[in-house]
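Read the figures in this text as sums done on the coordinates, not as results from a lab. Predicted, not measured: the structure shown is a model, and the values here were computed from it. So basically every Cβ, Gly included, is an ideal-geometry build from the backbone, and we count neighbours across all protein chains shown.
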Amino acid sequence: MKKTGTALTVASVAAAITLIGFAAASCDEKKDVSQKSSEASIVTNDNGSVARTYVEATVTTNGNMVTERRRETRTTLDADGNMLESSTSEYAQSYPVGEEGMASFSTRVEQKEDEKPDAKVEEGFLGLKFGEEFKGTNLVSDIEEPTLLRATFTPAKKLAGFDDYYVYVTPKTHKVVKIYACAKEAVDPGTNWRRHYLIEALEKRYNTWARPRSWCRPIYTFAIGSGRFVTACLADASRDYETVLVAWDDALLTTAADETEEIRREARKNAAEKRKAQVDDAASAF
């Protein structure tokens, strides 16, 4: 489902997500507390139609359990005000927080201390390892990521319902920094009043808990260790995609910025040398 109007591009999804504060509250701070919020937006599309979205969200803390409920109503009107489309979606999930909620997870981690590291986790995300050199040749610049180069790739095992995959690399050494999986349609939109299977799959894959990043949007982040993170936006992720998963490495973002500055210094130096040669050549002709 391709969208028009004002929205985020794919490359800016992660940046936008990091600006949203954590929604979960510690069980020591809030018990049996319910917080409600609502958000409305109106977007005028290129064809003159108007898309309206109204979101109601409730987050309830009961002991060490947090329950999120979200209801989203979307309507689309043509330029004359006639109804073109109307839809409503709902979802809910519950998850533990605080020391009690993390106890079972800690036990699982301790049981793995004597085991060999999980080879799949070391690979990174979708079969690409952070920091490895990307061998593809279809690298292009991206205005939303000025310190990185972008390429499309095909993972060895595709995710059900996902259409496009992107990798972002450092500009000189082509080390893998960010990895995207994007779906044009919402993945498994019929999942109501239960945790989305992608959230459970990411928790199982990286042996960590999902952390909600918004009161009214299904956005979650997973800290997977060593300054690496995965963020999942399950609905209305960008102009072109409904569901987007992105993984990245903070240290490699710094490396990319350093490489970009090095490239710029070399460009300035070459430009100065070229200018000097032009001046000297012209002076010798007078």
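Taking 0.36 nm per residue of sequence separation and removing the Cα-Cα distance, the Asp258/Lys204 pair yields an extension gain of 16.0 nm.
Neighbouring Cβ atoms within 10 Å as the yardstick, rank Arg52, Arg217, Arg211 fewest first. Could you put the intermediate results ahead of the total?
Values: Arg52 14, Arg217 21, Arg211 17.
Ranked by crowding around the Cβ, least crowded first: Arg52, Arg211, Arg217.
Between Gln35 and Glu133, the simple spin-label model (points 7 angstrom out along Cα→Cβ) gives 4.8 nm. Placing pseudo-labels 7 Å out from each Cα toward the beta carbon at Glu266 and Ser86 gives an inter-label distance of 6.0 nm. With neighbour counts taken as other beta-carbon atoms within 10 Å, the residues Thr76, Thr221 rank, fewest first, as Thr76, Thr221.
Among Tyr54, Tyr165, a tally of other beta-carbon atoms within 10 Å of each Cβ gives an order, fewest to most, of Tyr54, Tyr165. Here the simple spin-label model places points 7 Å from the Cα toward Cβ, and for Asn62 and Asp163 these points are separated by 3.9 nm.
Taking R0 as 25 Å, what FRET efficiency do you get between Asp78 and Asp188 from their Cβ-Cβ distance, rounded to the nearest 0.05? Could you put the intermediate results ahead of the total?
Numbers: r = 30 Å, r/R0 = 1.20.
The pair Asp78/Asp188 has a calculated efficiency of 0.25.
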